[in-house]
Amino acid sequence: MALARLILVTGKGGTGKSAVAAALALALSRRRPTALVDLDQQMSAARMLGIVPGGNIANGVNHDTGSIVNIETRTLSAHHELETFIQRIVPLKSIANRMLRSRTFGYVSAALPGLEAFLMLERLRMLAVHAAAEDRFAVVDAPATGSALELLSVAGGIKRIAPLGTLNRLAAGVESFLADESRFSVMLTLAPNELALRETLEAADALRGRLGVSVAAAALNFVPAALFSASELAALSGYPACRRLAEWRASAGRLAARARRQASRAGLRVVDLPMLFSPEMGRHEVEELCRALSAQLLRQ
Amino acid sequence: MSGTIPPELLSVHVLVCLGAGGVGKTTLSAALAVKAAMAGQRVDVMTVDPAPRLLDALGLDAQDAAEPREVALTDVQGRPTPRVGRLRALRLDPKRTFDTIIARHASSPAAAAAILNNRIYRNLSQALAGVGDYMAIERLLELSDGPTTDLVVLDTPPAREALDFLDAPRRLLDLINSRAITLLGGGMRRGLGVVDLAARAVLAAFDRLTGLHLLGDVQAFVHSFEGMYAGFAERAERARTLLGAADTAVAVIATAKQERIAQIKEFISELSACGITTRAVIVNRTLPVMPTAEEIARARIKPPLRRKLVRTAHEFAAVRQRETDAIAALRAALPAGVPLLKLPDLGREPATLADLAAIGEALTIL
């Protein structure tokens, strides 16, 4: 299966979205130049890769560090997108600027729910257009599932409140972009626990049903390699503390197997990512996740 | 061990649990409410988006839980309890709460209907970020007025910033009272300057260019809100007073993650800037106590199995180190005097009231 030009990574809080986004960008960048796009200004994914952004990064800056030569980091801000949009549709620059500066306009944009979010989506659509033209990829480190679904739903709302005109046209374009799996898909991150599994399955339902968005994969994070057999666990029954330790690892394995089974049953392509027993999430750890992703997702 | 959490945390009238998404606010709110009720208080707990099992544990119906329901505490008593209070639980329904408020503040049923059917209102009540927050606060005001309630425990929508939540009433007020609304509201007010007139023309052009054609709706919306401002302003003022009151406690829920600490610190200083003191930070899902490599070496186990245990102990130690470092950094980031509590990971989601009670018991000072 060919990957979409732009892949948006989201998942429940604590499932390792940023690390997975960083690993995916790293994996893709070894094939084609890749943009790593951040929507929350934290740049956590870039930081994990050791690309510490500095200065004005609103328009994207190339950072060459070590073997990361093909990743361009980029951060999008809703407000910046709104400014750009106003400047585009209001012909006179001085009027556009006055409008943006007025408090009045701030309130009006607050009363138009989703306008800023919608313009972010429009920006993602344009990023995908450029990616296709230049044979590149883009990976978006998105907010947690709830906000991400809200973001992806916003085009429909805009179409309803603007039945005609510029915004309606743009909204139709964004909707067809989101529904086109060669241009856009979502990767859901998943941790082996009940709440994360539930949220992932619900999100996958909403994406593929209501929103018509393709789900490239569910990245099942924190999967420990199998270590203790059932008979070994039983042999430890006389040593409660040791048993607890073995159980700590074995139960994580069982939960992972269960999450994998249920996600597969829901028709999701599940990619296992290893549990990394290391004190922090850095470049080395992202490399490990990258290897696992490449082997399972990018194999030809 | 139940005496190990600061008693003043639960001996308040309102306890607000704040934190980022996914840290376990809802579960902890319910567990704290159960704990207080078991200690004899009459408690109301309002949850936001609870997991199905938690709904079951609280005896709430997934469809209809917008009004407080009494939770039978008798199920929890595996052991004698000196005096059991009362527990009621409900689930926040933002849309319904907003509709109720409109109905209450509107001058007539016709005026209320006009607002409820307005395009702007329908979008505002469903999509505008912050409406859920505002509704949680509105519900809190109602619950805290209950004459038979000692303690209201409030779970909150996931907040990127603490202020998003606490500031919600003021932001909504700003919106309905803004100059924009005055401008768009049609009727010429005194004091409109040249800039305002220009802005109005530009907004009209914007409306045309974008195809939104919202001005008519905005005008109708503003007109229908006329006369309601005083009611909203009064609620916002009361919310501010309530949140800053001495018998209101704010607990920040967190997990031991290094990358979240700056955010928590910022959270707490934002709260403090609004005159709200954080009474506790609760670190959720901490790791359990495990044997060390030396302890494993002493156990009489076959070497191959022992090697696996030793390997697991090393792996666990690395994960533990991550947690220890994060907790140390968190403590260093907290203002002096804010107690840090921990709740070990129980390894499963609570499915019964007894599970919730167990969580309350497992909470200890770090």
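Residues of segment B:306-328 that are surrounded by fewer than 17 Cβ atoms within 10 Å (Cβ to Cβ) and over 24 Å from A:Gly253 (Cβ atoms): B:Thr324, B:Asp325, B:Ala328. Within segment A:127-140, is there a residue that is within 14 Å of chain B (Cβ to nearest Cβ) and either at pLDDT 90 or above or farther than 23 Å from A:Val215 by Cβ (or both)? No: segment A:127-140 contains no residue that is within 14 Å of chain B (Cβ to nearest Cβ) and either at pLDDT 90 or above or farther than 23 Å from A:Val215 by Cβ (or both).
Taken over segment B:331-350, residues that are within 21 Å of the chain's Cα centre (by Cα) and of a type in the set (A, V, I, L, M) amount to 5. For segment A:230-248, indicate whether the set of residues that are closer than 30 Å to B:Pro304 by Cα, modelled with pLDDT under 95 and touching a His at 6+ places or on another chain (Cβ under 8 Å) is non-empty. Checked segment A:230-248: no residue is closer than 30 Å to B:Pro304 by Cα, modelled with pLDDT under 95 and touching a His at 6+ places or on another chain (Cβ under 8 Å).
Within segment A:201-234, the set of residues being polar (S, T, N, Q) and more than 14 Å from every other protein chain (Cβ to nearest Cβ) comprises just one member, A:Ser214. Picking from residues in segment B:341-352 that are within 14 Å of chain A (Cβ to nearest Cβ) and either assigned to a helix (DSSP H, G or I) or surrounded by fewer than 20 Cβ atoms within 10 Å (Cβ to Cβ) (or both), the one that is modelled with the lowest pLDDT is B:Gly347. Name the single residue, out of those in segment A:157-171 being more than 7 Å from chain B (Cβ to nearest Cβ) and buried (at least 16 other Cβ atoms within 10 Å of the Cβ), that is farthest from the chain's Cα centre (by Cα). In this case the residue turns out to be A:Lys159.
With respect to the conditions (1) within 9 Å of chain A (Cβ to nearest Cβ); (2) under 29 Å from the mean Cα position of the chain (by Cα); (3) not in a helix (DSSP H, G or I), B:Ile301 lacks only one, and its number is (2). Counting the residues of segment B:36-65 that are surrounded by 20 or more Cβ atoms within 10 Å (Cβ to Cβ), more than 14 Å from chain A (Cβ to nearest Cβ) and over 21 Å from B:Glu142 (Cβ atoms) gives 1.
So, of the residues in segment B:32-66 that are touching a strand residue (DSSP E or B) at 6+ places or on another chain (Cβ under 6 Å) and assigned to a loop (DSSP other than H, G, I, E, B), which turns out to be modelled with the lowest pLDDT? Once the filter is applied, the top-ranked residue is B:Ala65.
As for segment B:318-331, it holds no residue that is touching a residue at least 40 places away in the same chain (Cβ under 8 Å), away from chain A (no Cβ under 14 Å) and within 25 Å of A:Arg258 (Cβ to Cβ).
A quick yes/no check of all residues on (1) outside any helix (DSSP H, G or I); (2) away from chain A (no Cβ under 13 Å):
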| position | (1), (2) |
| --- | --- |
| B:Ala262 | no, no |
| B:Glu270 | no, yes |
| B:Ile276 | yes, yes |
| B:Asn284 | yes, no |
| B:Ile296 | no, no |
| B:His314 | no, no |
| B:Val338 | yes, yes |
| B:Ala354 | no, yes |
| B:Ala358 | no, yes |
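Under the condition of being in a loop (DSSP other than H, G, I, E, B) and surrounded by 24 or more Cβ atoms within 10 Å (Cβ to Cβ), the residues counted in segment B:7-23 number 2. Within segment A:240-259, being in contact with a helix residue (DSSP H, G or I) (Cβ under 9 Å, 6 or more places away or on another chain) and farther than 27 Å from A:Pro279 by Cβ holds for one residue alone: A:Arg258. One residue stands out in segment A:235-275 among those that are over 13 Å from A:Leu220 (Cα atoms), among the aliphatic types (A, V, I, L, M) and within 9 Å of chain B (Cβ to nearest Cβ): the one that is surrounded by the fewest Cβ atoms within 10 Å (Cβ to Cβ), namely A:Ala241.
The values are calculated or read from the model by the stated rules, or taken from the named source; none is laboratory data. These numbers were taken from a predicted model, which means no experiment stands behind them. For neighbour counting, all protein chains shown are included, and Cβ atoms are generated from backbone atoms with ideal geometry for every residue, glycine included.
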